[in-house]
Amino acid sequence: MPRTIREIVTGSTQYDGAGVKLVRVIGHANVKEFDPFLMLDAFDSNDPADYVKGFPWHPHRGIETVTYLIHGNIEHGDSLGNKGAILDGCCQWMTAGKGILHQEMPQSAQRMLGVQLWLNLPKAEKMTEPQYRDIRAEAVPLVRGDGAEVHVISGTYRGVSGAVQGDYVKALFLDVTLLPHAKWEFATETGTTLFLYIVEGEASFDGTSGVFIPARRAVLFNDGDQLFAQAGESGARFLLFCGKPLKEPIAWGGPIVMNTQEELEQAFRELRNGTFIR
Ligand code: MN
């Protein structure tokens, strides 16, 4: 059964961190439909003033943050002692688990183009050990064929294993580039939430090339086992995310996402009294 479009989401321009201009594509308002995905922030700017103030030291608990850059440079450091830079084609997959403090500081670049996805952690694993994966561009397999170039960041695509498989929610994350007018078909697991974010160009997903959806839109699909895409005349590039919904209660306070209000209050109490990092 082909996946039909359930919803097209545009999001809104917001400022976060110390004043980073971004588009919050999905967030609190979309959390039920997009489960297990909590948030998607998109960055696309030619003006460093939009982002150089960065995201100074801040905590996370109960989630994974997945930062992927097509272009740009984000310097980072965290309370585990990790330090480095996310560059073109690199992905940082951070499991906050029971708690991490980190900073994310975009550096001046010709263009900063990328996303940060928040992936929820299952209730049983909210307080897992924090972990950080620095995925370099060369570790991300590229699969070519049928007018498509597909970077497999996580999960498996046409038998090719991505750079990571995910230890908790086994999310599929693909960066798909289609040549102009290319038709692309993809077998999807049923019972999963599938959405994509169009970064550039335009694409249709109804199998009949009826309506093209322009860039900077997220498209959420109904359940099914087949996805059809066709690029418009300038081609299309989209980031595709797919994962099984957790269907668990969500208590969300800023950078911390737990299951109950009590767990949330405990986290903020620990932040105040300096016991957050265990
Ligand atoms: Mn962060």
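Bear in mind that the values in this text are calculations on the coordinates, not laboratory data. What you are looking at is a predicted structure, and each value in this text was computed from that prediction instead of being measured. Heads up, the Cβs are rebuilt from the backbone with ideal geometry, glycines too, and the neighbour counts pull from every protein chain shown.
The mean of 1/r over all pairs of different alpha-carbon atoms in segment 163-247, once inverted, gives a Kirkwood hydrodynamic radius of 13.2 Å. If you take the beta carbon distance between residue 206 and residue 251 as r and set R0 to 35 Å, what does 1/(1 + (r/R0)^6) give as a FRET efficiency, to the nearest 0.05? FRET efficiency, residue 206 to residue 251: 0.40.
Taking 0.36 nm per intervening residue step and subtracting the Cα-Cα distance, what contour gain separates residue 244 from residue 58 on full extension? Spell out each step's value before the answer.
Values: separation 186, 0.36 × 186 = 66.96 nm, distance 2.84 nm.
Roughly 64.1 nm would be gained on extension.
Put simply, the amide H of residue 6, placed in the peptide plane, has neighbours under 5 Å in 220, 221, 222, leaving out anything fewer than 5 places away on its chain. Normalising the average separation of contacting C-alpha pairs (under 8 angstrom, six or more residues apart) by the number of residues puts the relative contact order of segment 1-154 at 23 percent.
Distance from the alpha carbon centroid of segment 124-160 to that of segment 88-116 works out to 16 angstrom. Taking Cα centre as origin and charging only the Cβ of basic (Lys, Arg, +1) and acidic (Asp, Glu, -1) residues, the dipole magnitude of segment 7-273 rounds to 340 debye.
Using C-alpha pairs under 8 Å with a sequence gap of at least 6, the mean separation divided by the residue count of the chain gives a relative contact order of 20 percent.
Once both labels are positioned 7 Å from their Cα atoms along Cα-to-Cβ, the gap between residue 73 and residue 46 label points is 2.0 nm.
When the chain is modelled as a GNM with alpha-carbon springs shorter than 10 Å, which of 44, 225, 88 fluctuates the most? Greatest mean-square fluctuation among the candidates belongs to 225.
With each run of n ≥ 4 DSSP H residues scored as -39500 (n - 2.57), what mean residue ellipticity at 222 nm is computed for the chain after dividing by its residue count and rounding to the nearest 500 deg cm²/dmol?
Working: 2 runs with 17 residues, N = 278.
Per the formula, -1500 deg cm²/dmol.
Annotation for residue 181 and residue 134: the two label points, set 7 Å from Cα along the Cα-Cβ direction, are 4.5 nm apart. Simple spin-label estimate for residue 21 and residue 167 gives 3.8 nm between the two label positions (7 Å along the Cα-to-Cβ direction from each Cα).
Return, ordered by residue number, the residues of segment 216-250 whose backbone nitrogen is under 18 Å from a label point located 7 Å along Cα→Cβ of residue 33. 216-224, 239-247, by backbone N distance to the label point. Expressed in Å, the radius of gyration and Dmax of the Cα atoms of the chain are 18.1, 58.
In degrees, nearest 10, range 0 to 90: what is the angle between the Cα axis of helix 261-273 and the longest Cα principal axis of the chain? Result, in degrees: 50.
Extension gain for residue 107 to residue 156 (0.36 nm times residue separation, less C-alpha to C-alpha distance): 14.5 nm.
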